[in-house]
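Encoded as structure tokens, the structure appears first; notes follow it.
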Amino acid sequence: AAGSLAKLVSSYRSGRSLDAAFYGDAAVFDADMEAIFARAWQFAGHECEIQHAGDWFTHEIGRDSVIVARGSDGGVRAFHNVCRHRGSRICSQDHGRGQAFVCPYHAWAYEFDGTLRKARATDRLPEFDPAEYSLVPVRLEVMLPWLLAGLAHGIQATIRSRATRMLEKKTTDV
């Protein structure tokens, strides 16, 4: 697949339309997901979508579903939309409001800070540690009213400084 992708890219001629495979080939899609969507900040939504504690919405980043929610502490957080028990999608709707996230498979319930609130029958398992089963966080930045999500591990520290430099440059250009 990598060889055919390289061949496809090398066959591109400047000033011409892209070959149809650029729009429908699975290898091109996978390369885009890895090179762009998995490594860069993505617009996830607007802060007004989650004005109150318990408000949430889902957002797709490539093949990953992300939940963005406002907790009871007023904090905004994002998590992979996957239950830690059996991997089921937790939120199947686009948005909602509630007291907790509840997985439809076995009713594991999570707080809006991602911690496991309740997991049926685990009180009978002395070795079970709920702290080990929190939702997996997704990096999230609130920039003005915009919510930006990042799936890459090294992405967190750069967005604010980059945005600040862009704004400073714009004001000096005026």
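So if I check each of Ala53, Ala6, Ala21, Ala35, which one is among the aliphatic types (A, V, I, L, M) and in contact with a strand residue (DSSP E or B) (Cβ under 9 Å, 6 or more places away or on another chain)? Answer to the selection: Ala53. Please find, within the stretch 74-132, the residue that is least open to solvent (accessible area, probe 1.4 Å) out of those that are of a type in the set (Val, Ile, Thr) and out of contact with any helix residue (DSSP H, G or I) (no Cβ under 9 Å at 6 or more places or on another chain). The qualifying residue least open to solvent (accessible area, probe 1.4 Å) is Ile90. The set of residues in the stretch 12-45 being closer than 17 Å to Glu141 by Cβ and either charged (D, E, K, R) or part of a loop (DSSP other than H, G, I, E, B) (or both) consists of Ala38, Arg39, Ala40, Trp41.
In the stretch 72-83, the residues that are free of Cβ contacts under 8 Å to residues at least 24 places away in the same chain and under 18 Å from Ile61 (Cβ atoms) reach residues that are β-branched (Val, Ile, Thr) and open to solvent by less than 40 Å² (accessible area, probe 1.4 Å) with C-beta atoms within less than 9 angstrom, at least six apart or across chains, in these pairs: Asn81/Thr58; Asn81/Val66; Asn81/Ile67; Asn81/Ile90. Each residue in the stretch 95-114 was checked for being part of a loop (DSSP other than H, G, I, E, B) and either in contact with a strand residue (DSSP E or B) (Cβ under 6 Å, 6 or more places away or on another chain) or polar (S, T, N, Q) (or both), and 5 pass. The residue that is surrounded by the most Cβ atoms within 10 Å (Cβ to Cβ), among those in the stretch 46-73 that are within 11 Å of the chain's Cα centre (by Cα) and assigned to a loop (DSSP other than H, G, I, E, B), is Gly62. In the stretch 31-40 there is no residue matching the filter, namely being among the β-branched types (Val, Ile, Thr) and surrounded by 12 or more Cβ atoms within 10 Å (Cβ to Cβ). Going through (1) modelled with pLDDT of 95 or more; (2) on the phi > 0 side of the Ramachandran plot one by one, Gly62 falls short only on (1). Close contacts from the stretch 19-39, counting a first residue that is closer than 29 Å to His153 by Cβ and a second that is open to solvent by less than 60 Å² (accessible area, probe 1.4 Å) and of a type outside the set (A, V, I, L, M, F, W, C), with Cβ to Cβ under 6 Å and a gap of 6+ residues or different chains, come to Met33/Gly62; Phe37/Gly62.
The residue list Arg89, Arg84, Arg117, Arg139 contains one member that is in a strand (DSSP E or B), modelled with pLDDT of 95 or more and of a type in the set (Lys, Arg), which is Arg117. Entry remark, the stretch 11-28: residues being of a type outside the set (Asp, Glu) and open to solvent by less than 90 Å² (accessible area, probe 1.4 Å) number 10 in total.
The values are calculated or read from the model by the stated rules, or taken from the named source; none is laboratory data. Computed from a predicted model, the values in this text were never measured in an experiment. Note: ideal-geometry Cβ built from the backbone for every residue, glycine included; neighbour counts use all protein chains shown. In case anyone asks, the SASA skips ligands and DNA or RNA and just uses the protein heavy atoms, side chains included. Shrake-Rupley method; radii C 1.70, N 1.55, O 1.52, S 1.80 Å.
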